Amino acid sequence: MKPIYVTKPSMPDLNDYMKEIESLFDSHWITNMGQKHKALEKKLVEVMEISNVTLFTNGHLALEAAVDALDLSGEVITTPFTFASTTHSLVRKGIEPVFCDINDHDYTIDVDRIEALVTEKTSAIMPVHIYGSICDVEGIQKLADKYGLKVLYDGAHAFGVKYKGEPVAGFGDMTMFSFHATKVFNTIEGGALTSTNDKYKPVLNGLKNFGITGQNKVDFVGGNAKMNEFQAAMGLCNLRRLQSDIRSRKALYELYLKRLDDVNWIKTLSINKTVESNYAYFPIIIDSSHISRDLVYETLKGHQIYVRKYFYPLTKDFECYGDRFKHMKTPVAEHISNSVLTLPLYPDLTSEEVEYICDRIVSL
Ligand SMILES: *Cc1c(COP(=O)(O)O)cnc(C)c1O
């Protein structure tokens, strides 16, 4: 067996990509919201079933732009069980993240614990649709309405997911999606913001392009986060394989479930019946009374199976934050973070490889 990595970016057929970028070599219009950028935004409006989509050079800068566009300030209630980007986007914008614990069935923010964290400084809730599981969007909206808070979803994992038949892009005030190479749909690097409120679109366009709103007109202090034409072309190509990619992921996900669901020291992530998943990740929670998570990690590494401790450590415990957030206790998140491994899952992975990985795991 050759080494198996946790993920492998989806790529189009080379000829398909060459055909897509051919016109760029004629026009020399290679960035600044050219044809490919416009075409991808238009296509995504259809695919994501939302009235507007704003593309960014990556998901993180999209998140920072969202914080600006929604005019967030003071404190934002969020989760520590996430990728660095979520927490950093707040701190880099001068906002105090207030960490709420997660629930232990799908690892999203525990709605029952949010209210106790609301203060007069709270401006928003920033939950994360972890692994493609969807947060309790109704419960979150109810609290947001009660206290007049904005809701900004980190939907980096949730591209293409539906909840009770509704596209995930429409929940809250805004949702960020990442199109990084390792995500279900990629534009090499890339990201997008969606909102059901069309008023944000011109603001976001300005924020990603120096605040320029017209010729000789700069209305606010924006940054630069434009998706370039080669990224957008990659997206147009990769969209053509999206449905088949998700089908392949689903088959592998179900095979993992079949092999690992009955193992009494492993807890798998059950997908809620109300969710139409994109099968982005296959996390397992390991019972440390049987074997330590790190020993499973090391043993698999010995077989050249490279799984990930995703997410570990919690963002609030990062070195860069020192003791700043240590007083905020999130025991469930801590437990999950100390027990989780995500297993290899990508469309080109074979069922033989999944069987091989499972054989190694169940014999531990
Ligand atoms: C990938 C990811 C991001 C950041 O997206 P980039 O496109 O890599 O900048 C943010 N949040 C979560 C949860 C992610 O997984």
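Observations on the structure shown:
- Given charges at beta-carbon only (K, R positive; D, E negative), |dipole| of the chain in Debye: 440 debye
- Neighbour counting of Cβ atoms within 10 Å sorts the residues 258, 36, fewest neighbours leading, into 258, 36.
- Projecting the Cα atoms of 111, 269, 180 onto the charge dipole of the chain, computed from C-beta unit charges around the Cα centre, puts 180 farthest toward the positive end.
- Mean ellipticity per residue at 222 nm, deg cm²/dmol - from DSSP H runs of n ≥ 4 across the chain, formula -39500 (n - 2.57): -10500 deg cm²/dmol
- Spin-label zone in region 283-305 - amide nitrogen under 15 Å from a point set 7 Å from the Cα of residue 1 along the C-beta vector: 296-305
- Straight-distance crosslink candidates among aspartates and glutamates, where the alpha carbon sits under 16 Å from residue 208 and sequence neighbours closer than 8 are dropped: 41, 64, 68, 71, 189, 219, 229
- Other residues with beta-carbon under 13 Å from the beta-carbon of residue 39 carry, at +1 per Lys or Arg and -1 per Asp or Glu, a net charge of +1.
- Ranking 131, 171, 238 by how far each Cα lies toward the positive end of the dipole of the chain (charges on Cβ) leaves 238 at the top.
- For region 165-308, a simple Cβ point-charge model (Lys and Arg +1, Asp and Glu -1, everything else neutral) yields a dipole of about 280 debye relative to the Cα centre.
- Springs join every pair of Cα atoms under 10 Å in this Gaussian network model of the chain, and among 298, 276, 229 the largest mean-square fluctuation is at 298.
- Projecting label points 7 angstrom from Cα along Cα→Cβ for residue 301 and residue 92 puts them 2.8 nm apart.
- Remark on the chain: ratio of C-alpha radius of gyration to 2.2 N^0.38 Å is 1.00.
- Beta bridges by DSSP in the chain, antiparallel share as percent, to the nearest 5: 60 percent
- Between region 244-292 and region 321-364, the alpha-carbon centres lie 11 Å apart.
- Note on region 87-194: Cα-Cα pairs beyond 23 Å make up 26% of the total pair count.
- Here region 236-294 is assigned +1 on the Cβ of each Lys and Arg and -1 on the Cβ of each Asp and Glu. Its dipole about the Cα centre then comes out at about 320 debye.
Only the coordinates and a few stated rules stand behind these numbers; no lab work does. Predicted, not measured: the structure shown is a model, and the values here were computed from it. Glycine gets a Cβ as well: all are built from the backbone with ideal geometry, and neighbour counts include every protein chain shown.
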